[in-house]
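Following: one structure in structure tokens, then a few remarks.
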Amino acid sequence: MTRQVLIINITRMGDLVQMGALLNRLQEEWPGASVDLVVDRRFASVAALMTGLRDVIPFDFHVLIDESRAAVKDVVSLYQEVNVWVQPLAERRYDRIINLTFNRPSALLAGAIGATDIRGARSAWDGGMVVDNPWMAYFCDFHQFRRFNRFNLVDVYALGGSGPGLFAPLRVRIPAEDRLWARQVLGGSSRWIAVQAGASDGMKAWRPHLFGLSLAQLSKQWDGGLAFIGSSDEEGTIAQVMQAYREAGGRNLVKNLTGRTTLSQLAALLAECRMLLTNDTGPMHIGVAVGTSVIDLSVGHVDFQETGPYGTGHWVIQPELDCAPCGFEQVCAHHACKDRISPDLVADLLLHMLKGAPPPSRATGVLLYRSDVDEDGLGTFRLHAGTESVRTAWYAGFWRRYWYETYTGVGSRVPAPDGPPPDEQQARESIQGLIPLLTAACRKAEEIAHLAGRKTINISEVTQLQQQQGKEKERLVHIGMGSSATAPVTAAFLRQLQNDNVKGLDRLAHHHAGAYRTLLTRVLDIERRCFGSNSNDSCPLPGLRPPMRQTGSTQHVA
């Protein structure tokens with residue numbers, strides 16, 4: 001029997017391209033599986049380039065969201081319209097739904113269509129939203145500890161939607177007529193580089209005049225052509241780039257194709273170019289997927305570890321600032337990260353990729369990374385120039401191994417960081433402070449669960465214990481989030497508490513008790529990994545075991 005999978009992905013162009021590894025992984029897991037995609041109508045043309053899809057189902061999600069926000073229609077009418085639309089999909093009886101969009105409209109869709117295995121956001125019984133699958137929950141929470149995240153979104157999609165497997169590069173298909181068009185536009189020459197100087201969000205874009213200076217510097221030693229790409233909204237940005245380029249003496253042949261290509265023509269154009277110089281944008285991921293080498297200028301709230309170019313053969317320049325990358329909702333008053341990237345450094349990196357010159361060995365004010373594939377077959381970035389803080393490097397390596405092993409049940413081949421954490425004393429104090437608090441919290445949670453399970457419930461007694469539990473939770477969360485050794489598992493604990501899609505006081509109490517026990521188990525495991533102590537010899541709670549392997553749609557806890 002052929003398995004059927006539905007993917008819901010209704011956000012951005014880049015997110016669609018980045019699910020390429022997931023499509024490969026699903027075929028590895030279930031050979032011959034039929035995979036359908038629900039997508040916002042604005043991005044249906046991107047989905048048409050993807051391989052491994054049976055059916056692409058477009059919908060005007062931006063209209064749905066706008067109408068719900070503006071209250072153009074009442075909630076009942078909106079629900080009725082959605083239910084009518086999803087009925088044919090519900091009748092297909094999917095084996096798995098993978099929701100890669102974390103908002104209420106997509107959660108409503110996932111719940112309305114229904115499947116025994118739903119991964120990602122779905123509607124809860126009370127109309128709220130829950131996130132199933134630990135990898136999908138991780139994606140929602142890693143913004144709280146971004147400096148330590150080492151999982152590319154491509155791999156989070158694949159691990160959460162399917163599981164661990166073989167590395168697969170991103171791929172899109174290019175229609176023959178579009179490839180012919182691109183070759184004609186470029187005059188049959190491959191001596192071109194593509195330049196994406198704009199971005200949908202100005203915070204993600206390097207300064208236009210610095211693009212111009214870099215390209216002018218390149219023109220002194222390379223005589224190929226420059227092809228500017230982007231949407232028609234970016235014409236003003238390209239004009240600024242060209243002004244700085246000409247004033248600095250740039251003399252390459254230039255073609256301005258901004259707003260003049262379809263998406264399939266853009267893919268073909270990038271495939272014909274030697275490389276792409278770009279901000280973190282959707283076209284960057286298309287360039288990666290057609291096999292074009294990329295230089296990614298990672299500025300603003302972009303974190304290349306999350307969304308940088310996937311696979312091998314690419315370079316990333318990351319400004320070195322305490323505030324970089326900034327938060328998603330942060331409004332920056334200075335954009336100083338953009339001034340950290342030197343046009344000379346970019347020009348030297350371009351010459352390395354175009355003419356084989358040695359790559360820059362030193363970088364001032366930035367970190368320079370090369371993209372690669374790690375020992376577990378996941379995308380990674382290896383530091384080439386600049387210096388990461390010892391603390392960041394140690395914890396990034398630690399959490400990379402920890403989450404991979406915890407959520408897959410498979411041992412990681414990525415080497416563990418050497419020695420204890422660099423903030424050893426603080427880490428010890430945090431862990432040793434948490435263990436007795438969590439032990440007591442587990443016992444109280446189990447007591448509440450026991451009382452809630454009685455035929456006759458003493459509401460006042462349960463309420464009093466819950467109030468005490470709430471105060472104790474605030475204290476342990478304060479300690480847990482205050483240390484790099486425990487913050488990520490504390491964030492996961494809070495997510496697990498929120499994912500309480502259960503009816504009844506007794507079930508809710510058991511759910512909370514499970515979350516406390518999972519956190520205690522993880523803190524003990526972290527203590528063992530960091531300091532080599534064998535906590536099982538003095539287990540604070542009888543029968544405490546490591547968390548169960550977490551790969552399916554339900555977050556199982558010990």
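The values are calculated or read from the model by the stated rules, or taken from the named source; none is laboratory data. Keep in mind that what you see is a predicted model, and the values were worked out from it rather than measured. Every residue, glycine as well, gets a Cβ built from its backbone with ideal geometry; the counts of neighbours run over all protein chains shown.
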Criterion first (in a helix (DSSP H, G or I), of a type in the set (D, E, K, R) and touching a residue at least 60 places away in the same chain (Cβ under 8 Å)) does ASP376 satisfy it?
no
Is it true that LEU37 is aliphatic (A, V, I, L, M), under 20 Å from PHE102 (Cβ atoms) and assigned to a helix (DSSP H, G or I)?
no
Selected residue (criterion: farthest from the chain's Cα centre (by Cα)) from residues of region 455-495 that are closer than 22 Å to TYR402 by Cα, of a type in the set (Val, Ile, Thr) and in a helix (DSSP H, G or I)
ILE479
Going by what's in this entry, would GLY236 be described as surrounded by fewer than 21 Cβ atoms within 10 Å (Cβ to Cβ) and farther than 20 Å from MET50 by Cα?
yes
Residue tally, condition assigned to a helix (DSSP H, G or I) and more than 21 Å from LEU226 (Cβ to Cβ), over region 286-329
5
Among (1) within 21 Å of ASN149 (Cβ to Cβ); (2) free of Cβ contacts under 8 Å to residues at least 12 places away in the same chain; (3) among the polar types (S, T, N, Q), where does ASN458 come up short?
(1)
Would you pick out the residues in region 186-228 that are without any contact (Cβ under 8 Å) to a residue 40 or more places away in the chain and among the acidic types (Asp, Glu)?
ASP223
All positions within region 232-285 that are β-branched (Val, Ile, Thr), in contact with a Phe, Trp or Tyr (Cβ under 7 Å, 6 or more places away or on another chain) and part of a helix (DSSP H, G or I):
ILE238, VAL241
Please find, among THR364, THR392, the residue that is among the polar types (S, T, N, Q) and in a helix (DSSP H, G or I).
THR392
Can you confirm whether LEU434 is crowded, with 21+ Cβ neighbours inside 10 Å and hydrophobic (A, V, I, L, M, F, W, C)?
yes
Which residue is surrounded by the most Cβ atoms within 10 Å (Cβ to Cβ), if the candidates are limited to region 117-171 and must be β-branched (Val, Ile, Thr) and touching a residue at least 40 places away in the same chain (Cβ under 8 Å)?
VAL154
How many residues are surrounded by 20 or more Cβ atoms within 10 Å (Cβ to Cβ), among the small types (Gly, Ala, Ser) and either under 22 Å from the mean Cα position of the chain (by Cα) or in a strand (DSSP E or B) (or both) if we restrict to region 196-231?
4
Candidate set from region 141-170 (those that are of a type in the set (A, V, I, L, M) and in a helix (DSSP H, G or I)); member that is farthest from HIS285 (Cα to Cα):
LEU159
Step by step: first the residues of region 130-170, then only those that are of a type in the set (Lys, Arg) and modelled with pLDDT under 95, then the one that is farthest from ALA107 (Cα to Cα). Which residue is that?
ARG147
